[in-house]
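Enquirer: Just dropping this structure here.
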Amino acid sequence: MPSKLLNFYGRFAPSFTAAGFILRGLPLQPIGRAFEKQTWLVTGATGGIGRAIALGAARRGAIVYAVGRNPEALASLERVPGVKSLKYDLDRVADNLALAEHVASIGRLDVLVNNVGRLEHAYKTSPEGFESTYAINLLGHFALTERLIELGALRDGLIINMASGGLYNSALSLRRLEQSPAKYSGVMAYAAHKRAQLALSDKWTEQGVPAYTMHPGWVATDGVRSSLPDLNRHLGWVLRSGAQGADTALWLAARRPAHRPGALWFDRAPRSAHAYPHSEAPEVEPEAIFAKLAADVAKAAASSSAA
Ligand SMILES: NC(=O)c1ccc[n+]([C@@H]2O[C@H](COP(=O)([O-])OP(=O)(O)OC[C@H]3O[C@@H](n4cnc5c(N)ncnc54)[C@H](OP(=O)(O)O)[C@@H]3O)[C@@H](O)[C@H]2O)c1
């Protein structure tokens, strides 16, 4: 194994794998039935960490609207008591906006989990013409959440943004959000999207809706198997279960700790969002990111209403 990879695994594996979860004693600290009478919305809930969050919240008393695009996986979620499935393609801004309208028409949300996301190594575009991981990791979250806030559906609610330790690779950056095909780096795009989620959490908290950004650890999911085959090959045997990856989301919703600006929540504690000095100086003000997101939502909304 090359030494760079060895250093990387040596640095992060002790805490990011199932070993970290167990050594921190988390299996011995149950969360309890904390979500009676609550309504949750979980995106990307047909598999992986999102499914584990949806099942964990429903088991603890919540009604969970579980969003995905795969009909068989949605049908299997419908059979779980407390879970209701919603079919939307979250790669599309138009679907995120329609989802917000649909959910707001049902009532108020206690918890929104912006979980859906992926890392791609090849450049692709979304059906609306945006770089596809920018669309799913950030633009869709922004469209859904801003519309839910505008509609009053998150009054008294809270937001959990599913980020990743992958954000250590980038400072807050505008140029990396939506890269050109010629210079595309999926790893750096993913890092920039996840870094920008921290700024969104601070923004939404300032607007009155407490928002947390979290890292789930390294979790054995289809997403990891397809995007990070090396990680899966070397450490597959010690990756976290879906339930272990979901744990911090459930804990945050149960405890509602005070928001910590810029914190990356992991294993039930606020942690530094920087592992390397190069990510500490932002390349842009957060407002530049918010302006791009708002302009892209408006662009997508205008072209879908013209179609
Ligand atoms: N797993 C990890 O170790 C890890 C580590 C750090 C952060 N994360 C973050 O955790 C989140 C979940 O990761 P995961 O590993 O659980 O991913 P995953 O295994 O790929 O699961 C994501 C789920 O979202 C669904 N989905 C994907 N695209 C969608 C779309 N356009 N519309 C609706 N649903 C869609 C997928 O189903 P279909 O594709 O079948 O529709 C799948 O069920 C992501 O934000 C990821 O960045 C994961």
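Each value in this text was obtained by applying a stated rule to the coordinates, not by laboratory testing. It should be emphasised that the depicted structure is a prediction, and the values quoted were computed from it without experimental measurement. Cβ: placed from backbone, ideal geometry, glycine included. Neighbour counts: every protein chain shown.
Enquirer: Consider a paramagnetic label point 7 Å from the Cα of E78 along Cα→Cβ; state which residues of the range 29-67 have an amide N under 17 Å from it.
Expert: Under 17 Å, as judged by backbone N against the label point of E78, lie 45-47, 64-67 of the range 29-67.
Enquirer: How big, in percent, is the set of alpha carbon pairs in the range 215-303 lying more than 23 Å apart?
Expert: 53
Enquirer: Helix by helix through the chain, keep the DSSP H runs that span 18 Å or more along the axis on Cα and average at least 0.5 on Kyte-Doolittle, and give those back in order.
Expert: What comes out of the filter, once short or polar helices are dropped, is 93-106, 286-306.
Enquirer: Quick check: net charge around A211, other residues with Cβ under 10 Å of its Cβ, Lys/Arg +1 and Asp/Glu -1?
Expert: Cβ neighbours under 10 Å give a net charge of -1.
Enquirer: Which entries of K37/K194; K87/K183; K87/K194; K87/K299; K124/K203 show an alpha-carbon separation above 27 angstrom in the structure shown?
Expert: K37/K194; K87/K183; K124/K203
Enquirer: Kindly provide the trypsin sites (Lys or Arg not before Pro) of the range 1-64 that DSSP labels as loop, not H, G, I, E or B, and whose Cβ sees at most 10 other Cβ atoms within 10 Å.
Expert: K37
Enquirer: Going by the alpha-carbon gyration tensor, a ≥ b ≥ c the square roots of its eigenvalues, is the range 9-92 rounded (a/c under 1.5) or, if a/c is not under 1.5, prolate (a/b greater than b/c) versus oblate?
Expert: oblate
Enquirer: Further, regarding this structure: Specify the inter-centroid distance of the range 13-32 and the range 153-171, based on alpha-carbon positions, in whole Å.
Expert: Each part's Cα centre sits 21 Å from the other's.
Enquirer: Using Cα centres only, tell me the gap between the range 222-273 and the range 64-125 in whole Å.
Expert: 20
Enquirer: Report the net charge of residues surrounding S201, where surrounding means a beta-carbon distance below 12 angstrom and charges are Lys +1, Arg +1, Asp -1, Glu -1.
Expert: Local net charge: +2.
Enquirer: Something else now. Quickly estimate the mean residue ellipticity at 222 nm for the chain, helices only: each DSSP H run with n ≥ 4 gives -39500 (n - 2.57), and the total goes over all residues, rounded to 500.
Expert: About -13500 deg cm²/dmol.
Enquirer: Under the classification rounded if a/c is under 1.5, otherwise prolate if a/b is larger than b/c and oblate if not, where does the chain fall, given a ≥ b ≥ c as square roots of the Cα gyration tensor eigenvalues?
Expert: rounded
Enquirer: Efficiency by 1/(1 + (r/R0)^6): what FRET value for S180 and R260, r their Cβ-Cβ distance, R0 = 35 Å, to the nearest 0.05?
Expert: 0.50
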